[in-house]
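Reviewing the structure listed below.
The values are calculated or read from the model by the stated rules, or taken from the named source; none is laboratory data. Only a predicted model underlies this, so the values are computations on that prediction, with no experimental measurement involved. Counting neighbours? That spans all protein chains shown, and the Cβs are built from the backbone with ideal geometry, glycine included. Areas reflect the complete protein model, heavy atoms only, side chains present, ligands, DNA and RNA absent. Shrake-Rupley method; radii C 1.70, N 1.55, O 1.52, S 1.80 Å.
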Amino acid sequence: MTTHVHTAPLTSDHTDPEPPEWWRQAVVYQVYPRSFADADGDGIGDLRGILSRVRYLADLGIDAVWLSPFYPSELADGGYDVADYRDVDPRLGTLDDFDALVEALHAEGIRVVVDIVPNHTSNKHAWFQEALAAGRGSAARARYIFRDGAGPDGSQPPADWVSVFGGPAWEPVGDGQWYFHNFAVEQPDLDWSNPQVRADFVHTLRFWSDRGVDGFRIDVAHMLTKDFVDPLPSQAELDAIPRDGNHPMIDRDDVHEVYAEWREVFDSYDPPRTAVAEAWVEPSRIPLYARAESLGQAFNFDLLEADFDATQFRRIVTDNLTLAAQSGSSTTWVLSNHDVVRHATRYGLPDAERGTDGRPLRKHGNEWLLSGGTRPELDAAAGIRRARAASLFVLGLPGSAYVYQGEELGLHEVAAIDDEHRQDPTFFRSPGEDIGRDGCRVPLPWTAEGSSFGFGDDGAHLPQPAWFADLAVAVQDGDPASTLALYRRALALRHELQTGEALTWVETGRHDVLQFHRPNGWTVVTNFGTEPFDLPADADIALSSGPLDGRVLPGETTVWISAR
Ligand code: NOJ
């Protein structure tokens, strides 16, 4: 029995004379610039470092690079606290370096996506500094969300709200007023009902589009617009309000008025600029962001929260292809990014040791990689075996795939970072109960030796563990069994496998083995269990995530079978 899931509008069928839009089935590689490659030897990755690795990116076979923020920032939140949206942090380079990077990537046929952070600025942004100086009732404060404090002298917060990173969401400024910050205290939220705010982001989108940027990743796309009516509700009341488009701050319908204006900007370029929403919303509301009239694509984060489990994977795939069909967009597959524990580690930890967002619990934080019976034990080999199988499964799916830097090396999360080296505000604001996201942001190992394993000439801004040496690019390069070789091969073959945006499930008779066909006859089979699974005797195996025994698929392994 087969189940057919069709996802694409007819325009993407390979018989159509119009080529499908580039982003629909693109592999987008996420670069976290401060941790990718350091050209000037200050321990912080930079744009010229990325430029020096364009060959590596081209050889990997990706279609686009998404650059996490590289803008001037005090790094209160790893660059997501932007002090100037139209410049490069001097520690990372200059606008000329940016132009050179775009030119070099384009010369290799690699598109460039940059991160836009519109919900909040840095507290060092000129606007916020102006707002502090200008005082209550000023036009400068009206770009942000200021309220008088409660109590006779305004010394109490306007509401008891808790920020996403922990701690209060309202901060006093010393004159009886408080400002709202959904994230860190250094990230004041903008007021998106203010026309100056709207105009400025249009300016920013044009600024980067004019410099040749192909698309944008929109940070917390579901929170820009707000409707805070006095008296403000309590946190408990806020939590109880349904998220149906009218919640005071989450996933409001009117946020799409902003994106309709942006759409005009995107479509005024040839080719139109693209955008992908980071929107943590109810699944049924994802298509609102992914519609062509809105941002055009939205992240699907379901696999970040799933176990390595056939039932969960199949449900997630089916649900998200259905959602993509509703919006007319293609779906997006994400196994890792800069906010979650790397998937090799997630799949190697006992399920109970993971928080709901895949993040491990603090009490075990520094202990995963220690031997000698400390808990929770990371089964590092199983983690990487499952990660390779999951990656090959995902890369075989219709839709676009986002690859986070280092997953192509099979990197594990770095758990053992001393508290004094941690940078993530979630660690400091929890306080210390959540070890935060530094473990997936440790600078990449390029060579087995040398200061910072070839990342740069003088150390790395987060400490790298000794085991990075075994996983360095130079070590994996040329080793056909390496994870790097697997990704390179998969990305090369993917151009043959990805035609129409559809799949057909093939029932395998096993609850732990998933199999699907793509429209051109390629087949993907993943054994999520441990019992071997027999493949057809004549299967033309193009790629496998692990060693095969003839036509027998071992546990925790994926194969791609080419069409005949
Ligand atoms: C989502 C980003 O991915 C994350 O890194 C950041 O901390 C928050 N948005 C706030 O900007």
Largest-first ordering by accessible area, 1.4 Å probe, given options W127, W467, W560: W467, W127, W560
Antiparallel DSSP beta bridges within the chain, as percent of all bridges there, nearest 5: 60 percent
Under-5 Å amide H pairs with V112, H placed in peptide plane, nonlocal only: V65, D214, G215
Under-5 Å amide H pairs with D189, H placed in peptide plane, nonlocal only: I145, F180, H181, N182
Mean residue ellipticity (222 nm) of the chain, computed from DSSP H runs ≥ 4 via -39,500 (n - 2.57), nearest 500: -7000 deg cm²/dmol
The chain: C-alpha gyration tensor shape, a/c 1.5 cut-off, then a/b vs b/c: prolate
Gain on full stretching of the segment that runs from E130 to D244 - 0.36 nm per residue minus C-alpha separation: 37.5 nm
Exposure ranking of E257, E556 by accessible area [1.4 Å probe, largest first]: E257, E556
Whole-percent carbon and sulfur share, accessible surface of the stretch 80-196, 1.4 Å: 51 percent
Relative contact order for the stretch 110-156, counting Cα pairs under 8 Å that sit 6 or more residues apart, in percent: 19 percent
Rounded if a/c under 1.5, otherwise prolate or oblate - the stretch 223-361, Cα gyration tensor axes: oblate
Relative contact order of the chain, pairs being alpha-carbon contacts under 8 Å that are 6 or more residues apart, as %: 15 percent
Helix 483-497 vs. the chain, principal-axis angle (Cα, 0 to 90°, nearest 10): 80 degrees
Hz values of 3J(HN,Hα) by residue in the stretch 326-336 - Karplus curve (6.51, -1.76, 1.60), Gly and Pro given as x: 5, 8, x, 8, 9, 7, 10, 10, 9, 9, 8
Chymotrypsin sites (Phe, Trp or Tyr not before Pro) restricted to DSSP loop in the stretch 130-225 with at most 12 other C-beta within 10 Å: none
Cα gyration tensor shape of the stretch 25-156, rounded if a/c is under 1.5, else prolate or oblate by comparing a/b with b/c: prolate
Amide H contacts under 5 Å for T557, placed H, 5+ residues apart: N527
Karplus (6.51, -1.76, 1.60) ³J(HN,Hα), θ = phi - 60°, over the stretch 546-551, in Hz, Gly and Pro reported as x: x, x, 10, 10, x, 9
Heavy-atom accessible area order for E108, E237, E264, E501, largest first, 1.4 Å probe: E264, E237, E108, E501
Surface accessible to a 1.4 Å probe, per residue, for the residues of the stretch 382-447, Å²: 23 Å²
Accessible area (Å², 1.4 Å probe, nearest 10) - R53: 70 Å²
Loop-resident sites, the stretch 69-122, for trypsin sites (Lys or Arg not before Pro), counting at most 13 other Cβ within 10 Å (DSSP): none
Backbone HN-Hα couplings from phi across the stretch 93-101 [Karplus 6.51/-1.76/1.60, Hz, Gly and Pro as x]: x, 9, 5, 5, 4, 4, 4, 5, 5
Rounded accessible area per residue of the stretch 464-564, 1.4 Å, Å²: 41 Å²
